[in-house]
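A short write-up of the structure that comes next.
Quick note: the coordinates plus some simple rules give every number you see, no bench work behind them. Just so we're clear, the structure is a prediction, and the values are computed from it rather than from any experiment. Note: ideal-geometry Cβ built from the backbone for every residue, glycine included; neighbour counts use all protein chains shown.
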Amino acid sequence: MRPELVIFDCDGVLVDTEIVANTAISHNLARYGLDLSPNACMSLFLGGTLRVTMAKARSLGADLPDDWIDEMYSEMFTALEKGVAVIDGVGEVLVRLDALGIPDCVVSNGPPAKMRISLGPSGLWDRFEGRIWSPHTHGSAKPDPGLLLMAAKHFGVATEACVMIDDSPSGVIAAKRAGVRAIGFDDGGHSGRLKTLGVEVVHQISELEDKLLLG
């Protein structure tokens, strides 16, 4: 069934920020006594908020200060400002959605300030501005379904007519809890963690043209 609303995660779905962000986290945590590779950080923290990341890192032995979240955002923003790439195929899918008159939006656990940095250079921030839901401005974070329910209500679309594209278990779980069709995106060989949640998985964004009947 062709969806009436397409909801995109931001990091790792629209723009390739995950390795940049997790490299920054890896370097930061090393200063506080926790040695994790960027890939290990991705496995542990992908899709979560920095508050959740902080709690997990402390449980693993990192001696983090109380203002660690502000510090981490500052370092992450500095890294992202050097530039990140748009995920291959995103532009073409967005063009097809526009041509078919299918609305789209972003639901991300990241703060708008971070998304402005990562989406801005490509023009995606301007495209999605006013159609971005974040726990930093709208409340609950994924895997809570609240943000997805808000987005569906905003567009007046039934949840079963929506589809969520996300690369993290937290996003997939949020979609399932909201009654939204979830499609997992994995371009790094980690699709097992998404498939165990019982969702479709694509390895290239261009595959969405067939999955969403956009042809």
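Using helices alone, I'd like the mean residue ellipticity at 222 nm for the chain: each DSSP H run of four-plus residues gives -39500 (n - 2.57), total over residue count, nearest 500.
Helix-only estimate at 222 nm: -13000 deg cm²/dmol.
Per-peptide packing, taken as the mean over residues of other Cβ atoms within 10 Å, places 42-54, 172-184 in the sequence 172-184, 42-54 from highest down.
Within the listed set His203, His136, His154, the residue fluctuating most in the Gaussian network model of the chain (springs between alpha-carbon atoms under 10 angstrom) is His154. Placing pseudo-labels 7 Å out from each Cα toward the beta carbon at Ser59 and Leu44 gives an inter-label distance of 1.1 nm. Summarising the overall dimensions of region 18-80 from its C-alpha atoms, the Rg and Dmax are 10.2, 27 angstrom. In this rough spin-label picture, where each label sits 7 Å from Cα along the Cβ direction, the Arg31-Asp210 distance is 4.7 nm. As a proxy for reagent exposure, ranking Ser37, Ser168 by other Cβ atoms within 10 Å from fewest up yields Ser37, Ser168. Farthest toward the positive end of the dipole of the chain, out of Ile19, Phe45, Leu80, is the Cα of Phe45, where the dipole comes from beta carbon charges about the Cα centre. Taking the square roots of five times each eigenvalue of the Cα gyration tensor of the chain, the equivalent ellipsoid has semi-axes of 29, 17, 16 Å, listed largest first.
Think of the chain as a dipole: +1 on every Lys or Arg Cβ, -1 on every Asp or Glu Cβ, centred on the Cα centre; then among Gly156, His136, Ala62, Gly156 lies furthest on the positive end. Charging the Cβ of each Asp and Glu at -1 and of each Lys and Arg at +1, and nothing else, the dipole of the chain about its Cα centre rounds to 560 debye.
For the chain, the longest principal axis of the Cα atoms and the long axis of helix 18-31 meet at an angle of about 20 degrees.
Taking amide H as placed 1.01 Å from N in the peptide plane, the amide H of Leu5 sits under 5 Å from that of Val163, each at least 5 places away or on another chain. In this structure the amide hydrogen of Arg181, modeled in the peptide plane, comes within under 5 Å of the amide hydrogens of Cys162, Met164, none closer than 5 places in sequence on its chain.
Sparsely packed loop sites in region 61-133 (the trypsin sites (Lys or Arg not before Pro) outside DSSP H, G, I, E and B with at most 13 other Cβ atoms within 10 Å) comprise Lys82. With both labels modelled 7 Å from their Cα along Cα-to-Cβ, the Asp88 to His138 distance reads 3.1 nm.
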